[in-house]
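Contents: one structure, followed by commentary.
The values are calculated or read from the model by the stated rules, or taken from the named source; none is laboratory data. All values derive from a computational prediction rather than experimental measurement. Don't worry about glycine lacking a Cβ; one is built from the backbone with ideal geometry, like all the others, and counts go over all protein chains shown. In case anyone asks, the SASA skips ligands and DNA or RNA and just uses the protein heavy atoms, side chains included. Shrake-Rupley method; radii C 1.70, N 1.55, O 1.52, S 1.80 Å.
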Amino acid sequence: MTRDGERSPRQLRNLVCERSLLHRADGSAKFFLGKTCVLACVYGPTSTVTRKENAEQAVIEVNYRPMAGIAGTQERQQEHLIRRTIEGVVLVALHPRACISVIIQVLEDNGSALACAVNAACTALVDAAVPMHRLFASVCCCTTQDGELLVDPSSTEEQEAAAVLTLVYTSRRAEVEAARPSISSAPMMSFSSGQCTPQQYLLAALAGREACQRLADFSYLSLHKSFS
Amino acid sequence: MDPKGEVGGSLEADAFRKLYPHQFYANFLAKHTRPDGRALMQARPVSVTPNAVSSADSSATAKLGDSAAIAGVKLEVAVPAEESPDEGHLAVAVEMAPMSSPDVRPGRPGEAAQCLAEQVSSILASSDVIPRQQLCIEQGRACWVVYLDIIVLNADGSLLDACLLAAWAALRSLRLPSVILTADGNVEPCDDLPQTSSAAAPEGVWAGRMLQLESQPVAQSCAMMGGKLISDCTAEEERLADTIIIIIVDGRGNLLGLIKAGGTAEAGDMIMQQCIEAAKLRQQDLCRLLEDQLSAATLS
């Protein structure tokens, strides 16, 4: 079965990643998943108001801006998910009382916007040289009403889906030079909405891991090229 | 703390708990128990009380240990949206009362409250827990708008579990009242028809009915702490946990949602399956508890 752009069910759309686009920010990145496009920018580690700071570790702030209109409860949920993901990989203990602020602007949403935002945030954090012990990669999967699994859905596929699952796996450099980055065996973030069976979830998590591996390969290649 | 990770025995337990919370919990978890005496996967006592506020159309309170939430439903009549002329609406709002936790400040709802509202409304919407056609009074002319307001009274962890239980209990006991559709398009309240009359409703009267829920959603929060899985965590445990996993299931064993928001621990298939099984058992327990409470309330 083929999808809108002659894609196979497990195929990712075209990936594009641009880095250092905003000269005032400490780090910025733009990530494309097909037509979906998200811009992320990072400020920090910098100071913050006394009320927010933590004496033992850096505080992460995430600001998620939708494509149009003002941010609502859904955007707050995305902020929470992205913030908890970043907190898991950034070495927060290195910067007590500091704040790392991540601003995410959705430029175009054609499905999988949360996954695209997570990928953009990761590249922007690398661009800002924020110390992290792992990188992370994210993909979105969905199960259709007929129970079929689609990786990296477009917005129409997302709307028609029975359940949508966004996964984040962490990745680190391979032990051997020139090998693929090794990816965590289990998701560090996983967020599903809609109705599915536990088996469908486990299958989607497995397919998501394969796709995250491909995405991590791409991110490594892209970062490696742009830094060398 | 000395390099072995042991702390002098002269410290009092309360001071030790404040100064070295991770070590304090690790000591308990190593013995497969928790500071409040629970086993690792044991939940706190639950209570649910339907019809807690008489001014609302229906309401319920839910308590999970010290966590407490109250849900109230208010009904209004509106014109259905053009794209879905035979469906009503559900609007969910969650408020964390300033007294609920030291982290909550009065004023605009914070991230926690907004996340809860989004989660509850997404669970109730996505799974068709409430078939929206039931809220239609007349196609294209009038429908019910259900305002579901949840207030967290005491935030001691596992808030989604408590909020969803309160919401479910409130909606479960919701009765849509009888109304008359007048010729000029107004909707006016009318007395309920006598239950015994088998005759069809007179012309223009929309007979009142109980809202029928298609499934019984239940959320179960689990946390991973030092490689161990614990369920139904308190606020202190949530703060110290490596990651929190929330599973939402319905009565048919389907997943209605799964939220594992980052954190430092990863959750493999085994952990997820353990959480899902725990959630299914929890769903059955809470179903039974709620039905008992509802039948007790109607008898009295």
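Tell me, what is the per residue accessible area of chain B in Å², probe radius 1.4 Å?
So chain B comes to 48 Å² accessible per residue, rounded to a whole number.
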### Message
Under 5 Å between amide hydrogens, which residues at least 5 positions from B:Ile180 or on another chain qualify, with H placed 1.01 Å from N in the peptide plane?
### Response
B:Glu188, B:Cys190, B:Trp206
### Message
Compute, for segment B:24-106, the length of the dipole vector about the Cα centre, with Cβ point charges of +1 (Lys, Arg) and -1 (Asp, Glu) only. Units Debye, rounded to 20.
### Response
920
## Note on the structure
Highest GNM mean-square fluctuation among A:Arg83, A:Arg51, A:Arg180, for chain A with Cα springs under 10 Å, belongs to A:Arg51
### Task
Name the residues of segment A:75-106, by number, that are at least 20 Å² less accessible with every protein chain in place than in the isolated chain; the surface is that of heavy atoms, probe 1.4 Å, without ligands or nucleic acids.
A:Arg76, A:Gln77, A:His80, A:Leu81, A:Arg83, A:Arg84, A:Gly88
### Message
Just to confirm my numbers, what's the Cα centroid distance between segment A:103-163 and segment B:166-192 in Å?
### Response
42
#### Entry: Distant-in-sequence amide H partners of A:Gly27 (H built 1.01 Å from N, under 5 Å)
A:Val42
### Query
If you build a Gaussian network model of chain A, linking Cα atoms that sit under 10 Å apart, which residue out of A:Ser190, A:Ser47, A:Ser28 swings the most?
A:Ser47
### Summary
Note, segment B:218-225: 3J(HN,Hα) by Karplus (6.51, -1.76, 1.60, θ = phi - 60°), whole Hz, Gly/Pro = x, goes 9, 9, 9, 8, 10, 9, 9, 9
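Hey, can you find the accessible area per residue of chain A for me, probe 1.4 Å, expressed in square angstrom?
Values: 10230 Å² over 228 residues.
Accessible area per residue: 45 Å².
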### Query
What list of ³J(HN,Hα) couplings, whole Hz, do you get for segment A:96-104 from phi and the Karplus terms 6.51, -1.76, 1.60, once you set θ to phi - 60° and write x for glycine and proline?
x, 6, 9, 9, 10, 10, 10, 10, 10
### Summary
Whole-Hz Karplus couplings 3J(HN,Hα) for segment B:18-34, θ = phi - 60° and coefficients 6.51, -1.76, 1.60, Gly and Pro as x, run 6, 7, 10, x, 5, 5, 4, 5, 4, 4, 6, 4, 4, 9, 6, 9, 10
### Drop in accessible area of at least 30 Å² in the complex versus isolated chain, residues of segment A:178-206, 1.4 Å probe
A:Ala186, A:Pro187, A:Met188, A:Ser190, A:Ser192, A:Gly194, A:Gln195, A:Cys196, A:Pro198, A:Tyr201, A:Leu202
### Reference-scaled alpha-carbon Rg (2.2 N^0.38 Å with N residues) for chain A
0.99
#### Entry: Per-q log10 I(q)/I(0), the protein assembly as shown, q = 0.10, 0.11, 0.13 Å⁻¹ (Debye; single scatterer per alpha-carbon; no solvent)
-0.86, -1.02, -1.36
### Task
Kyte-Doolittle cut-off -0.5, length cut-off 30 Å along the helix's own axis using Cα: show which whole DSSP H helices in chain A pass.
A:198-227
### Task
Provide, for the protein assembly as shown, the number of lysine pairs with alpha carbons under 24 Å apart, each pair being eight or more places apart or on different chains.
15
#### Entry: Residue with peak Gaussian network fluctuation, chain A [Cα springs, cutoff 10 Å], from A:Ala113, A:Ala204, A:Ala186
A:Ala186
### Message
I'd like to know which of A:Ile103, A:Val49, A:Val62 lies farthest towards the positive end of the charge dipole of segment A:4-227, counting +1 on Cβ of Lys and Arg and -1 on Cβ of Asp and Glu.
### Response
A:Val49
### Query
Between B and A, buried accessible area summed over both sides at probe 1.4 Å, in Å² to the nearest 100?
2700
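Of the accessible area of chain B, with the probe set at 1.4 angstrom, what percent is carbon plus sulfur?
After summing per-atom areas, the C and S share lands at 51 percent.
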### Summary
Summed over the other residues with a beta carbon less than 15 angstrom from that of B:Gln42, with K and R at +1 and D and E at -1, the charge totals 0
#### Entry: Spatial separation of Cα centroids for segment B:214-249 and segment A:19-91, in angstrom
25
### Query
Under 5 Å between amide H atoms, partner at least 5 residues away or on a different chain: which partners does B:Met225 have, H built in plane at 1.01 Å?
B:Ile230, B:Asp242
### Query
Over chain B, what is the mean sequence separation of C-alpha contacts under 8 Å (at least six apart), divided by residue count, expressed as relative contact order in percent?
17
### Query
Hey, if we sort B:Lys63, A:Lys225, A:Lys30 by accessible area with the 1.4 Å probe, largest down, what's the order?
A:Lys225, B:Lys63, A:Lys30
### Query
Going by the alpha-carbon gyration tensor, a ≥ b ≥ c the square roots of its eigenvalues, is segment A:130-198 rounded (a/c under 1.5) or, if a/c is not under 1.5, prolate (a/b greater than b/c) versus oblate?
prolate
### Message
Counting only other residues whose beta carbon sits under 11 Å from that of A:Val164, what net charge do I get with K and R as +1, D and E as -1?
### Response
-3
